[in-house]
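This report concerns only the one structure given below.
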């Protein structure tokens, strides 16, 4: 079992839909990252969370430390949101990030 | 403030050649992480360096791979005698402080071994 599990693996939505991507982890963490990766492209850091909730434009990220769970929400989705979304955790001990397998999101017009 | 720079962005090497990947961290950052993304797989940690020191190399393959972060200049990930299985995207991230909670990613280097 991976230390970081994401669901779903693949997600197809229609433009305008509300999207949720989930991340569960099994280790103690000091921070959780949500990253975005476009095909053939680099990695963009969307959020870094250690508690609560953050919002940036149409993106919202939440984390529940007790339940070891985080969600990334996209409101009013758009085709340009199509990308792979990756959850990564920084364990309490050590400095490395441990990554989920990613969620491939496709938003159709 | 320029972001994390990596070069080259694309690198093609024949089997047996050496590959050198460079990473210039953000200004003021003295901590560098290297990650590898094999085709159709997730990102995996390789090595964590501070200036002139390797802090954690537990993710590095035992042979052919080495990394350095000299006092001056970029961090270098070196792969000797490349094989087809080394074909991957290699990302570096930099951080302003120890602990690694805050990491900023570079655009990656895509290595293709023919």
Practice item. Being touching a strand residue (DSSP E or B) at 6+ places or on another chain (Cβ under 6 Å) and farther than 23 Å from residue A:95 by Cβ is the filter here, so list the residues in segment A:16-50 that pass it. Key: A:19, A:20, A:21, A:22, A:38
Review point. Residue B:66 versus (1) touching a residue at least 12 places away in the same chain (Cβ under 8 Å); (2) surrounded by fewer than 16 Cβ atoms within 10 Å (Cβ to Cβ); (3) away from chain A (no Cβ under 12 Å); (4) part of a loop (DSSP other than H, G, I, E, B): which is the lone unmet condition?
Key: (4)
Practice item. Being at pLDDT 95 or above, more than 13 Å from every other protein chain (Cβ to nearest Cβ) and either in a strand (DSSP E or B) or within 11 Å of residue B:94 (Cβ to Cβ) (or both) is the filter here, so list the residues in segment B:5-49 that pass it. Key: B:11, B:12, B:13, B:19, B:20, B:21, B:22, B:24, B:25
Point to revise | Scan of segment B:1-16 for residues that are surrounded by fewer than 14 Cβ atoms within 10 Å (Cβ to Cβ) and under 16 Å from residue B:112 (Cβ atoms), ordered by number | key: B:8, B:9, B:10, B:12, B:14, B:15, B:16
Point to revise | Tally, over segment B:71-114, of residues that are surrounded by fewer than 17 Cβ atoms within 10 Å (Cβ to Cβ) and in contact with a helix residue (DSSP H, G or I) (Cβ under 7 Å, 6 or more places away or on another chain) | key: 0
Check your understanding: For residue A:70, which of the numbered conditions (1) closer than 18 Å to residue A:10 by Cα; (2) without any contact (Cβ under 8 Å) to a residue 12 or more places away in the chain; (3) touching a strand residue (DSSP E or B) at 6+ places or on another chain (Cβ under 6 Å) fails to hold?
Key -> (2)
Study note, to complete from the structure: The residue that is surrounded by the most Cβ atoms within 10 Å (Cβ to Cβ), considering only those in segment A:69-108 that are away from chain B (no Cβ under 11 Å) and part of a loop (DSSP other than H, G, I, E, B), is A:77
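The values are calculated or read from the model by the stated rules, or taken from the named source; none is laboratory data. As the structure is a prediction and not an experimental result, all values here were calculated from the model. Here Cβ is always computed from backbone atoms with ideal geometry, including for glycine, and neighbour counts include all displayed protein chains.
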